[in-house]
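A short write-up of the structure that comes next.
The values are calculated or read from the model by the stated rules, or taken from the named source; none is laboratory data. On a predicted model such as this, the values are computed, not experimentally measured, just so you know. Cβ: placed from backbone, ideal geometry, glycine included. Neighbour counts: every protein chain shown.
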Amino acid sequence: MLKQDDRSKFAPLAAAGVVLGAGGYLAFRHGRGKEVELKEAKKALATVRDKDKRDVLVAQNEQLDKQTDAYKFTGVAGISLGVGIALMAVLVGARVRLRHAAALALALPFTWVGYRAVDYLGIVYLVPFAVVAIALIGWIAMGTSDKSLREIAEFRRFPTRRELPSEDARQPGYRAAFVDATQLEQQKLLAEVTRLPPSLERVLPLIGEGRPLSYFQLKRDLAYVAFVESDAFNASDYVTVLMLLDETGPRFVARPLPIVDGKRDANTGLRFKEDRAFSNAYLVEVSAKGRAEAQDFISPVVRDELLAFPSLWLQVEGNVMALTLFGDYDAGATDKLVDIADVLFAEYGADGGPSLLEPDDAEVLGAPALKKKKKKKKKQSGVTPAALPSV
């Protein structure tokens, strides 16, 4: 997971600020020297009467004037940004996150440098400066928020935050795996891994673009939770549970029907005549050849679980199933995501679909034994499905 403590960057930032500021000071002094030289040249020009000599001197003075402005602007930019970066170093040393420190320390210096660029060099320089400013603002704004990092860290305590519901609240056949966190002492957190198994990793870009923040192992080589941050190619953060299937499944995507003008859009995908509620809530995109297999895969159990949390996306690619929630990270919502993934994994997961609510390397002292529901395994054809139609 990304770390919130950027204090290791204090020394490089402080050094960069000092070097930039010192270089700016030297450039500004050189520009002032050029300015004195320009004044002397203008005085000399006033005494020349010969036209040819005046033309030569005018051209030299224009060149000297440009050099003066260039050196002075370079000096102003170096001093201003050097001071800003040095202030960033101070803020980072005080445990302010790097992006937040940049927003606080660079706003005024950058604005001043932009103003002086137009003053010294002309309005045409406003365009490249604006591009740099937008890039800087984007870098600051697209940083991982503290709230996102807190929610991810809180979710990592997943095994210790289970609440015991009443008997009436439990659905028949649901895997009972709840632990009262107030009575337990946490022994381990969810295991974090640096990479997903290749079989699961290949599916992640098909769910959505973005920058992976953290991967947590539920079952080694079988099931993992991935937190992916939005970037220039994907407007939304998302968290997904990637699971290895017992057999190759039909290729499809089941997603919540879009809402247009406050109403659900028309369902143009696979429909379930016997389950109008699901067909009114979910769009199932599947190729014509895979419709029968997808309809069999999306069983009453699967439909009931998706309707219990109708913001989830379900996707099957070959022997991998992904259950995904788009939007801001929330530890409680991610708990529910794993709960539902556990039920689906019990139906179709590899190695008999072991409980995801009993994660590897995340044992909890005093936790009651987890009870698995009886599986209703469904045979798949094993035929590689045709590609999905473009949407």
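Some values worked out for this structure:
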| read-out | value |
| --- | --- |
| Any pair with Cβ under 8 angstrom, 6 or more apart, that starts in the stretch 324-345 at a residue that is in the same structural domain as residue 215 (by TED's automatic domain parsing) and ends at one that is in a helix (DSSP H, G or I) and among the hydroxyl-bearing types (Ser, Thr, Tyr) | 325/334; 328/148; 329/148 |
| Test result for residue 108, within 21 Å of residue 27 (Cβ to Cβ), surrounded by 12 or more Cβ atoms within 10 Å (Cβ to Cβ) and not charged (D, E, K, R) | yes |
| Tabulated pairs, the stretch 48-69, first closer than 21 Å to residue 123 by Cβ and assigned by TED's automatic domain parsing to the domain that holds residue 36, second aliphatic (A, V, I, L, M) and surrounded by 15 or more Cβ atoms within 10 Å (Cβ to Cβ), C-beta under 7 angstrom, 6+ apart or interchain | 65/38; 68/38; 69/121 |
| Residues located in the stretch 252-283, provided they are assigned to a loop (DSSP other than H, G, I, E, B) and either among the aliphatic types (A, V, I, L, M) or touching a Gly at 6+ places or on another chain (Cβ under 6 Å) (or both) | 257, 266, 270 |
| Hits in the stretch 197-239 - residues which are assigned to a strand (DSSP E or B) and aliphatic (A, V, I, L, M) | 213, 218, 223, 225, 226, 228, 239 |
| Answer from 226, 254 - the residue that is touching a Phe, Trp or Tyr at 6+ places or on another chain (Cβ under 6 Å) and either without any contact (Cβ under 8 Å) to a residue 60 or more places away in the chain or of a type in the set (Phe, Trp, Tyr) (or both) | 226 |
| Hits in the stretch 273-303 - residues which are in contact with a helix residue (DSSP H, G or I) (Cβ under 9 Å, 6 or more places away or on another chain), free of Cβ contacts under 8 Å to residues at least 60 places away in the same chain, surrounded by 15 or more Cβ atoms within 10 Å (Cβ to Cβ) and not hydroxyl-bearing (Ser, Thr, Tyr) | 275, 278, 281, 284, 298, 302, 303 |
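So that you can scan it fast, the table gives a plain yes or no per residue for (1) in the same structural domain as residue 84 (by TED's automatic domain parsing); (2) at pLDDT below 75; (3) touching a Cys at 6+ places or on another chain (Cβ under 8 Å):
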{"position": "112", "(1), (2), (3)": "yes, no, no"}
{"position": "124", "(1), (2), (3)": "yes, yes, no"}
{"position": "131", "(1), (2), (3)": "yes, no, no"}
{"position": "152", "(1), (2), (3)": "no, no, no"}
{"position": "160", "(1), (2), (3)": "no, yes, no"}
{"position": "173", "(1), (2), (3)": "no, yes, no"}
